[in-house]
Amino acid sequence: MIAIGCTAGFAAVVGVLVVTSPGWPRFRESFLSWSVFRSSMPDILRGFWLNIQIFMVAEPIILILGLGVALIRTTKSPGLLPFRLTATLYADVFRGVPTLLLILVVGFGIPALQLSGTPKDPVVLGVVALTLSYVAYVSEVFRAGLDSVHPSQRAAATALGLSERQTLRFVVLPQAIRNVVPPLLNDFSALQKDTALVSTLGVVESLRQAQIHESLTFNYTPYVGAALLFIAVTVPLARYTDRLARRAAARQQAGGAR
């Protein structure tokens with residue numbers, strides 16, 4: 001009760017200070033216009049559905065390719081050295097390139113080559129660029145998860161007669177994936193926000209819709225509306241990530257106490 005009372009009191013004080021500040025009427029007119037919000041939100045919502053679709057297409061591809069790159073990087077076979085070097089180079093290069101720059105290069109560069117069979121749809125090119133960028137990050141998350149599995153687990157699986165493939169499938173991967181779920185969810189949140197970057201290719205998603213309405217009304221409320229939609233998706237995901245992190249910490253403490 002004390003915590004709730006203190007929080008409510010703090011919020012009330014901040015609210016009073018904001019609404020009584022000299023610039024509040026001008027801020028409210030420029031950023032919180034109800035009439036502009038009501039007229040622009042239908043188009044922004046339609047654009048946001050395209051953001052969701054881009055995310056839902058890109059995310060499974062990123063997970064599969066990211067896990068594949070991580071498995072290649074953690075293999076110890078001498079014959080796979082060229083693949084390990086290629087995977088390492090890929091992760092280093094694409095983690096070093098800003099996602100926006102990669103979207104511009106892929107989105108405008110590939111159509112400029114005029115090669116037969118290459119995609120020209122800006123939505124497809126945006127998905128390709130996001131995938132190239134996020135596979136590099138997600139592969140590192142998976143690699144950390146694979147490295148977190150204690151070597152004794154592999155030794156125990158071998159002692160039980162499991163093959164290398166069975167050990168990976170039934171012993172290593174389940175533990176590794178469970179360990180990296182919270183950071184993967186963080187990447188999901190980042191990817192959801194970065195889908196707005198494809199607007200630079202001319203894709204009319206939520207950010208582009210907000211820009212169109214802002215240019216028509218000279219009011220910034222459409223940007224606030226678009227931001228609220230992204231917040232509505234990312235905040236619940238962030239709270240769920242925190243919950244999983246607390247459960248993982250509690251599980252580790254319980255294991256250490258035994």
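Here are some notes:
- Between Leu113 and Phe83, the distance separating the two model label sites (each 7 Å from Cα on the Cα→Cβ line) works out to 2.4 nm.
- Accessible-area ranking of Arg247, Arg143, largest first, probe 1.4 Å: Arg247, Arg143
- Residues of the range 194-217 with amide N under 15 Å of the 7 Å Cα→Cβ point at Leu228: 210
- The Stokes-Einstein estimate for the range 55-203, based on a Kirkwood radius over Cα pairs and taken at 37 °C with 0.692 mPa s viscosity, is a diffusion coefficient of 196 µm²/s.
- Value of relative contact order over the chain, rounded to a whole percent, pairs C-alpha under 8 Å and six or more apart: 29 percent
- Using only Cα coordinates, the Kirkwood hydrodynamic radius of the range 157-258 works out to 17.3 Å.
- Here the Karplus relation 6.51 cos²θ - 1.76 cosθ + 1.60, evaluated at θ = phi - 60°, turns the backbone of the range 162-169 into coupling constants of 6, 6, 4, 5, 5, 4, 5, 6 Hz, with x for every Gly and Pro.
- Exposure ranking of Ser21, Ser199, Ser35 by accessible area [1.4 Å probe, largest first]: Ser35, Ser21, Ser199
- Each Lys and Arg contributes +1 and each Asp and Glu -1, all at the Cβ; summed about the Cα centre of the chain, the dipole is approximately 840 debye.
- Placing unit charges on the Cβ atoms of the charged side chains and taking the dipole of the chain about its Cα centre, the candidate lying farthest along the positive direction among Ala70, Pro60, Leu244 is Leu244.
- Thr75 long-range amide H proximity, modeled H, under 5 Å: none
- If R0 is taken as 45 Å, the Cβ-Cβ distance between Arg246 and Arg26 corresponds to a FRET efficiency of 0.60.
- Mean shadow area of the chain over all directions, Cα convex hull, nm²: 20.8 nm²
- Sum of side-chain charges, Tyr240 neighbourhood, beta-carbon under 14 Å (Lys, Arg +1; Asp, Glu -1): +2
- Projecting the Cα positions of Gly96, Ala159, Val127 onto the charge dipole of the range 70-165 (unit charges on Cβ atoms of Lys, Arg, Asp and Glu, taken about the Cα centre) puts Ala159 furthest along the positive direction.
- Lys/Arg +1, Asp/Glu -1 at C-beta; the chain dipole; positive extreme among Ile110, Ala190, Pro25: Ala190
- Span-like helix ranges in the chain, DSSP H, alpha carbon extent 30 angstrom or more, Kyte mean at least -1.0: 34-74, 122-148, 221-257
- Inter-part distance where the range 99-116 and the range 17-95 are each reduced to a Cα centre, Å: 19 Å
The values are calculated or read from the model by the stated rules, or taken from the named source; none is laboratory data. Keep in mind that what you see is a predicted model, and the values were worked out from it rather than measured. Glycine gets a Cβ as well: all are built from the backbone with ideal geometry, and neighbour counts include every protein chain shown. Accessible surface is based on the protein model in full, side chains and every heavy atom, while ligands, DNA and RNA are left aside. Shrake-Rupley method; radii C 1.70, N 1.55, O 1.52, S 1.80 Å.
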